Each structure stands twice: as C-alpha cells, then as structure tokens.
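Report on one structure; see the data block that follows.
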Amino acid sequence: MKIKLIVIGKTDDAEVQRLIEKYENRLKHYVSFQIEVIPDLKNRKNLSEEQQKNAEGKLILEKVQPTDITILLDERGKQYSSIGFAQEMQKHFNSGAKQLNFIIGGPFGFSQEVYQFTNRKLSLSQMTFSHQMIRCFFVEQIYRAMTILHNENYHHE
C-alpha cells in the first residue's frame, strides 16, 4: 500500500520542513510515502471562505480515486491513541486497497463535496494547531505507527 499526505500550500517554515523531511525519510524504510502539495489558490484574498473551500475541494478531488481509502484530518474526526492509530493503519493495510490518502485542508477546512467523497475523518487533538505543524505531527505519527506495527522501540508505553 502507498500512503499519500495531500496538503494545501507549501510549508514555508524551514525548521518545520526539516522535521517533516526527517520523518519522511524514516518512513521510506517501512512504506511508500509521499507528500503532495496543492499550491495555494491565486487571488485567494478575493475569494470568500466558501469559494476557497470549493476551489480547493476541486483540486483535492483530482488527486484521489474512489478506490482509494481517503481520510480527512478534521477537528470533528475520531481521535486515537498512537497504538490505536497503528491498529487502524493495520486494518487499512489488510483491506487490499492500493492507496491510503490523508488530507490536510486549507485554512477554512473542506468543501461539502470533499466531505461527501469520504466519511472518514481523523482528529489529532481537540486543540487547534497551524496547518504546518499538523503536517509535522502527523508524519511523525505515521512513522510511530509503523514502528509500533514492527514491534520496534521508538514508542514506549
């Protein structure tokens, strides 16, 4: 199975990007993983929140297939412990799907069209984090899940 993290806009903080790349490189040992960046919308300051969500939604939906497992990182999503997330990842691996997508939306979230495409939502916390920090936290959690599934020492109970 391939894992793809789809994000809106590039990470412009060099330190955060360095940490993302650190875990991205570690993941190569376990699974095919890539981050796909959808560029920020042009003239987005001239668009309403709803227009931005709809425009980003169209771009997001171009990157996923109906046969993929697609999960939105969303504040209303299900929360897991790291072990619970690893177990959920294992279920996805066992499903036979070829592609597992995680999507971090833009600053206003997702369009209704994106929500209708998938009913799977994951929340990392009840707290709010910047979209750039979430990328770092989430790539680390995917790495942590892989080490848990391989019974390695990275995660301690």
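The values are calculated or read from the model by the stated rules, or taken from the named source; none is laboratory data. Computed from a prediction, not measured in an experiment: that's the story for all the values here. Positions of Cβ are generated from backbone atoms using ideal geometry, with glycine treated the same way; all protein chains shown enter the neighbour counts. The accessibility values were calculated without ligands, DNA or RNA, using every heavy atom of the protein model including side chains. Shrake-Rupley method; radii C 1.70, N 1.55, O 1.52, S 1.80 Å.
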Problem set entry | Debye log10 I(q)/I(0) for the stretch 69-109, one point scatterer per Cα, at q = 0.14, 0.19 Å⁻¹ | -0.37, -0.65
Problem set entry | Gyration tensor verdict on the stretch 1-71 (Cα atoms; rounded if a/c is under 1.5, prolate if a/b is larger than b/c, oblate otherwise) | oblate
For this session: Would you compute, from DSSP H runs of 4+ residues alone, the mean residue ellipticity of the chain at 222 nm, taking -39500 (n - 2.57) per run and dividing by the full residue count, rounded to the nearest 500?
Result: -13000 deg cm²/dmol
Exercise. Based on the Cβ-Cβ distance from L149 to M127, what FRET efficiency comes out when R0 is 22 Å, to the nearest 0.05?
Worked result: 0.25
Seminar exercise, completed: Cα-based Rg and Dmax for the chain, in Å, come out at 15.4, 50
Problem set entry | Most positive-pole-ward Cα, Q51, I69, G9, against dipole of the chain from beta carbon charges | I69
Problem set entry | Within a Gaussian network of the chain (alpha carbon springs, distance under 10 Å), most fluctuating of K28, K58, K42 | K42
Seminar exercise, completed: On the accessible surface of the chain, probed at 1.4 Å with all protein chains in place, carbon and sulfur together account for a percent value of 46 percent
Problem set entry | the chain: antiparallel DSSP beta bridges as a percent of all, rounded to 5 | 5 percent
Seminar exercise, completed: A correct Karplus calculation of ³J(HN,Hα) over the stretch 84-99, with 6.51 cos²θ - 1.76 cosθ + 1.60, θ = phi - 60°, whole Hz and x for Gly and Pro, returns x, 5, 4, 5, 5, 4, 4, 4, 5, 4, 6, 6, x, 5, 8, 9
Exercise. Using Cα pairs under 8 angstrom and six or more residues apart, how large is the relative contact order of the stretch 8-157, in percent?
Worked result: 34 percent
Seminar exercise, completed: If each part is reduced to its alpha-carbon centroid, the stretch 31-93 and the stretch 119-157 end up apart, in Å, by 15 Å
For this session: Hey, can you grab everything whose amide H is under 5 Å from the amide H of I6? Only 5+ residues off in sequence or another chain; H modelled, so Pro and N-termini drop out.
Result: E36, F102, I103, I104
Exercise. In square nanometres, what is one fourth of the surface area of the convex hull spanned by the alpha carbons of the stretch 31-71?
Worked result: 3.8 nm²
For this session: Determine how many Å³ per residue the convex hull of the Cα atoms of the stretch 93-157 encloses.
Result: 131 Å³
Exercise. With Cβ to Cβ distances under 13 Å as the rule, what net charge do the other residues near E24 carry (K, R +1; D, E -1)?
Worked result: +3
For this session: Rounded to whole Hz and in sequence order, give me ³J(HN,Hα) for the stretch 51-58 from the Karplus expression 6.51 cos²θ - 1.76 cosθ + 1.60, θ = phi - 60°, writing x for Gly and Pro.
Result: 5, 5, 4, 5, 5, 5, x, 4
Exercise. If we count every other residue with Cβ under 10 angstrom of K2's Cβ, Lys/Arg +1 and Asp/Glu -1, where does the sum land?
Worked result: +1
Exercise. Using the Karplus equation 6.51 cos²θ - 1.76 cosθ + 1.60 (θ = phi - 60°), what ³J(HN,Hα) coupling, rounded to whole Hz, does each residue of the stretch 106-122 give in order, writing x for Gly and Pro?
Worked result: x, x, 9, x, 10, 6, 4, 4, 5, 4, 6, 5, 9, 9, 9, 9, 10
Problem set entry | Cβ-placed point charges (K, R +1; D, E -1), dipole of the stretch 1-109 about Cα centre in debye, nearest 20 | 300 debye
Exercise. Out of F137, F129, F110, any idea which swings most in a Gaussian network model of the chain, alpha carbons joined below 10 Å?
Worked result: F129
